[in-house]
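The values are calculated or read from the model by the stated rules, or taken from the named source; none is laboratory data. Everything quoted here is computed from the prediction, not taken from an experiment. Positions of Cβ are generated from backbone atoms using ideal geometry, with glycine treated the same way; all protein chains shown enter the neighbour counts.
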């Protein structure tokens, strides 16, 4: 059953975020004749916009560039009458329906249903070279990029579960994985620590921080400059890749105090659904997934969110 057009400036569905989750939600909502409004945010396209080769998204046997994949998804969403707005959501009011969504502190939109797909960002070191070489030897996702480092020597920065998981995964491809940690012991769980400490391909640089990531004429990572925190000495190591694994931070600050979040700030959804603790508000993608964090799982949950929103609106007679 189709939905009527928007009435009195109230949107049927507003989607926050323009990564795989948000764009897939828009495609499905559009096909349900919901005429979704998608607010893409300052970092349009999410993490895929800083990803080069994407070889694990189904349907692209020779791979596809991250930005190109987002562009194709965007075109598909627009084909089904998605309106895409640039700008950041700076405030939301979820206390009553229709919900209010403020863009750039100025324009307010109202929605009967809201899909939050604002994603999560990898915590980074903040080095200029890190930003410059992201996708060219620097990565924040071993699952995404590990394959490209077959037979290479790589470094992983961090000491928690994320770092150990990344390092262990990379041993499938790399000849050597060196974990750089600013302390003299790991923060990871005991079982994870033991696995890494026993692995013949894993080495450790304790009490060490990254000063710089070095590249050469090829424009890819060739080395890493390090600081020994005990001696203050600076030294360099040859490197083919550097993986930053100091955690992720979900983009949920504006929802605090309104939506139920877990201890790390991820939106909590009901098992098997994208429903949040507020009826009519749904969450999909990395903003509610701290485990998988893949483009394909984000897209899948975006599909779920759109279907959940459609069923919600149908149940209350907005069609």
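Quick notes on this structure:
- Taken over region 70-84, the criterion of being closer than 26 Å to residue 219 by Cα and out of contact with any helix residue (DSSP H, G or I) (no Cβ under 6 Å at 6 or more places or on another chain) is satisfied by 71 alone.
- Top-ranked residue in region 51-72 [being touching a residue at least 60 places away in the same chain (Cβ under 8 Å) and out of contact with any strand residue (DSSP E or B) (no Cβ under 9 Å at 6 or more places or on another chain); ranked as farthest from residue 293 (Cα to Cα)]: 58
- Hits in region 231-279 (condition: surrounded by fewer than 20 Cβ atoms within 10 Å (Cβ to Cβ), modelled with pLDDT of 95 or more, touching a helix residue (DSSP H, G or I) at 6+ places or on another chain (Cβ under 9 Å) and under 30 Å from residue 173 (Cα atoms)): 240
- Some residue of region 160-167 being on the phi > 0 side of the Ramachandran plot and either more than 23 Å from the chain's Cα centre (by Cα) or buried (at least 19 other Cβ atoms within 10 Å of the Cβ) (or both): no
- Enumeration of residues in region 85-111 that are touching a helix residue (DSSP H, G or I) at 6+ places or on another chain (Cβ under 7 Å) and under 14 Å from residue 38 (Cα atoms): 89
- Taken over region 211-249, residues that are in a strand (DSSP E or B) and under 17 Å from residue 131 (Cα atoms) amount to 15.
- Some residue of region 201-210 being farther than 22 Å from residue 126 by Cα and assigned to a loop (DSSP other than H, G, I, E, B): yes
- Those residues of region 280-293 which are touching a helix residue (DSSP H, G or I) at 6+ places or on another chain (Cβ under 7 Å) and either surrounded by fewer than 18 Cβ atoms within 10 Å (Cβ to Cβ) or farther than 20 Å from residue 47 by Cα (or both), in sequence order: 280, 282
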